Amino acid sequence: MAPEASRLTVMKEISDTLYPKPVVIFNPTWGFDEESSFGEMSGFVGSFEVVYSFMGLEVRGILSNRKGVMFKCVKDGVLSGEKWYVFVEEDGELKVVSRFKTGPSIVEVENVLYNLMAVHEFTNS
């Protein structure tokens, strides 16, 4: 539960010992954008599939702020190409504004939100 990136070596040792049984990680305390900087552990971390993720987002612009969430959920425990969704709050509801086939980087998500804000600010000015 909530393992830190500094524990990756121990997690890999445990995983290797348990192989071929699956290993489930709950609430890792690293961001998905950090995973590319794990060096030799990047392959190990990259071997995991995200089955559920719900992450709040907020981007501040010049004239407004945007709140939303990034969401992925595997149905019935079967991995079958579920997408990552970016929702933005509009008029009190969450609306899908983008879909990604793989986990997007934080920069990709920010770009979606900033572009949406720019369009919104341009059309309302």
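The values are calculated or read from the model by the stated rules, or taken from the named source; none is laboratory data. As the structure is a computational prediction, the values presented were derived from the model and not from experiment. Positions of Cβ are generated from backbone atoms using ideal geometry, with glycine treated the same way; all protein chains shown enter the neighbour counts.
Name the single residue that is surrounded by the most Cβ atoms within 10 Å (Cβ to Cβ) among those in the range 93-107 being modelled with pLDDT of 85 or more and farther than 18 Å from GLU82 by Cα.
By that ranking, first place goes to LEU94.
Give the range 15-30 a look and list any residue that's exposed (fewer than 13 other Cβ atoms within 10 Å of the Cβ) and either at pLDDT 85 or above or acidic (Asp, Glu) (or both), or say none.
ASP16, THR17, LEU18, TYR19, PRO20, LYS21, PRO22, VAL24, PHE26
Looking at (1) in contact (Cβ under 8 Å) with a residue 24 or more places away in the chain; (2) surrounded by 10 or more Cβ atoms within 10 Å (Cβ to Cβ), which one does ALA2 not meet, given that it meets all the others?
Condition not satisfied by ALA2: (2).
Pull up the range 36-74, narrow it to residues that are modelled with pLDDT under 80 and not in a loop (DSSP other than H, G, I, E, B), then point me to the one that is nearest to VAL97 (Cα to Cα). Show your work before the answer.
To start, the set of residues in the range 36-74 that are modelled with pLDDT under 80 comprises 36, 59-66.
Imposing the further condition that a residue be not in a loop (DSSP other than H, G, I, E, B) reduces the set to 36, 59-60, 65-66.
Numbers: SER36: 26, VAL59: 14, ARG60: 17, ASN65: 15, ARG66: 12 Å.
Result: ARG66.
Any residue in the range 11-37 that is not assigned by TED's automatic domain parsing to the domain that holds TRP84 sitting within a Cβ distance under 6 Å of a residue that is surrounded by 11 or more Cβ atoms within 10 Å (Cβ to Cβ) and assigned to a helix (DSSP H, G or I)? List the pairs, counting only those 6 or more apart or interchain.
Pairs found: LYS12/PHE44; VAL23/SER15; TRP30/ALA5; ASP33/ILE106; GLU35/VAL45.
Could you tell me whether ASP33 is of a type outside the set (A, V, I, L, M), within 26 Å of PRO3 (Cβ to Cβ) and at pLDDT 90 or above? It would help to see each step written out before you state the result.
Working: of a type outside the set (A, V, I, L, M): yes; within 26 Å of PRO3 (Cβ to Cβ): yes; at pLDDT 90 or above: no.
It is false that ASP33 is of a type outside the set (A, V, I, L, M), within 26 Å of PRO3 (Cβ to Cβ) and at pLDDT 90 or above.
For MET11, only one of the following conditions fails: (1) more than 17 Å from the chain's Cα centre (by Cα); (2) within 18 Å of PRO104 (Cα to Cα); (3) not basic (Lys, Arg). What is its number?
(2)
Which one is nearest to ASN27 (Cα to Cα) among residues in the range 75-101 that are of a type in the set (A, V, I, L, M) and part of a strand (DSSP E or B)?
So in the range 75-101, the residues of a type in the set (A, V, I, L, M) come out as 78-79, 86, 88, 94, 96-97.
Checking the rest, the ones that are also part of a strand (DSSP E or B) come to 86, 88, 94, 96-97.
Values: VAL86: 19, VAL88: 23, LEU94: 24, VAL96: 24, VAL97: 25 Å.
Filtering the range 75-101 for residues that are of a type in the set (A, V, I, L, M) and part of a strand (DSSP E or B), the one nearest to ASN27 (Cα to Cα) comes out as VAL86.
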